[in-house]
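The values are calculated or read from the model by the stated rules, or taken from the named source; none is laboratory data. Predicted, not measured: the structure shown is a model, and the values here were computed from it. Methodologically, a virtual Cβ is constructed for each residue, glycine included, from the backbone with ideal geometry; neighbour enumeration extends over all protein chains shown. Heavy atoms of the whole protein, side chains included, go into the accessibility calculation; ligands, DNA and RNA do not. Shrake-Rupley method; radii C 1.70, N 1.55, O 1.52, S 1.80 Å.
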Amino acid sequence: MSTGAATKRRTAVDIRGRKGGEPIVSLTAYSAVMARLVEPHVDFLLVGDSLAMVEYGMDSTLAATPDMMIRHGAAVVSATSLPLVVIDLPFGSYEASPEQAFATASAVMAGTGAGAVKLEGGQAMAPTIRFLSDRGIPVMAHVGLTPQAVNALGGFRSQGHDEAARRRILEDGQAVAEAGAFAVVVEGVVEPLADEITAQIGVPTIGIGASVSCDGQILVLEDMLGLTPRVPRFVHTFGALAGAVDEAASAYASAVKERRFPGPGNVYKPRG
């Protein structure tokens, strides 16, 4: 287990110190129940804006709001004691200025007790990352395929296939690391580029659809558990819970219809 003999919650400093060491394990979590189940196995949990799709059934991450992030983030923090909890800053809540980003990030951290925030973007967001870091807010960056920019990117497509794109994404990774990000999520880029970013920046890279050589990996928990009907190519399904849920619900429905549930042990008898 990644947590080993840890007895206190991990921090951004701990994660930053794992560069080049034992691979960092991470998953998303949006609820107390799921966070509590996976806590023993991860180094950090990301309360991602992907909750807009997974939990609310929306078509993209763009509809996530700060209030959503705070509600779900507080649940994950309250249910766990060991992993660092990182909260996504949702679309439209930080891009306008470093001051806007600070207002959102400080509200998210104060409202959840989380240890860090994550924001998307490369060179353009480097000044904001520096602004937040200088004011005591640990920032995880995110480069490559950035879901909040899905419309500008033309869809959920892998990145870094030509030299211009490779150079831009590499420079994005370098810029956010130099600006003070304690780790960088590298998503949906060609494998050699992920390897190059990992080798060239001084903070951990967290891969998702990138390379096994990244300093760590992250997946959306529900994707990994086989609970979502359609997953990206880079996801490996480590569980098949959709079938188990369907089977359990079917058994419950049959027991209700056949009046086998509730049984004698599930009802209250009068006190004699």
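Just to be sure before I move on: is T65 surrounded by 15 or more Cβ atoms within 10 Å (Cβ to Cβ) and within 16 Å of the chain's Cα centre (by Cα) in the structure I sent? No.
Of all residues in segment 202-213, those that are open to solvent by 10 Å² or more (accessible area, probe 1.4 Å), out of contact with any Pro (no Cβ under 7 Å at 6 or more places or on another chain) and either on the phi > 0 side of the Ramachandran plot or among the hydrophobic types (A, V, I, L, M, F, W, C) (or both) total 3. Contact annotation: residue pairs with Cβ atoms under 8 Å, 6 or more positions apart or on different chains, pairing a residue in segment 98-126 that is open to solvent by 40 Å² or more (accessible area, probe 1.4 Å) with a partner that is among the charged types (D, E, K, R) and not in a helix (DSSP H, G or I), are F102/R135.
Checking each residue in segment 215-225 for being within 15 Å of M53 (Cα to Cα) and assigned to a loop (DSSP other than H, G, I, E, B) picks out only V220. On the stretch given as segment 135-147, residues that are under 16 Å from R16 (Cβ atoms) and either open to solvent by 20 Å² or more (accessible area, probe 1.4 Å) or among the small types (G, A, S) (or both) total 3.
Look at R135 and say whether it is out of contact with any helix residue (DSSP H, G or I) (no Cβ under 7 Å at 6 or more places or on another chain), modelled with pLDDT of 95 or more and not β-branched (V, I, T). When the stated conditions are applied, R135 does not pass them. As for segment 173-188, it holds no residue that is of a type in the set (S, T, N, Q) and in contact with a Gly (Cβ under 7 Å, 6 or more places away or on another chain).
Taken over segment 9-33, the criterion of being open to solvent by less than 40 Å² (accessible area, probe 1.4 Å), assigned to a helix (DSSP H, G or I) and more than 20 Å from S133 (Cβ to Cβ) is satisfied by A32 alone. When each of A242, A255 is tested for being of a type in the set (A, V, I, L, M, F, W, C), in contact with a Pro (Cβ under 8 Å, 6 or more places away or on another chain) and open to solvent by less than 100 Å² (accessible area, probe 1.4 Å), the lone residue that passes is A242.
One residue is enough: does segment 200-223 have a residue meeting the conditions among the acidic types (D, E) and in contact with a strand residue (DSSP E or B) (Cβ under 6 Å, 6 or more places away or on another chain)? Within segment 200-223, one or more residues are among the acidic types (D, E) and in contact with a strand residue (DSSP E or B) (Cβ under 6 Å, 6 or more places away or on another chain). Counting just the residues of segment 154-163 that are open to solvent by less than 90 Å² (accessible area, probe 1.4 Å) and either in contact with a helix residue (DSSP H, G or I) (Cβ under 9 Å, 6 or more places away or on another chain) or in a strand (DSSP E or B) (or both), which one comes out nearest to G92 (Cα to Cα)? Among them, the one singled out is Q159. Filtering V184, V235, V212 for residues that are more than 25 Å from L51 (Cβ to Cβ) and either within 18 Å of the chain's Cα centre (by Cα) or in contact (Cβ under 8 Å) with a residue 40 or more places away in the chain (or both) leaves a single hit, V212. Checked against the criterion of being open to solvent by 40 Å² or more (accessible area, probe 1.4 Å) and among the aliphatic types (A, V, I, L, M), segment 73-96 contains one or more residues that satisfy it.
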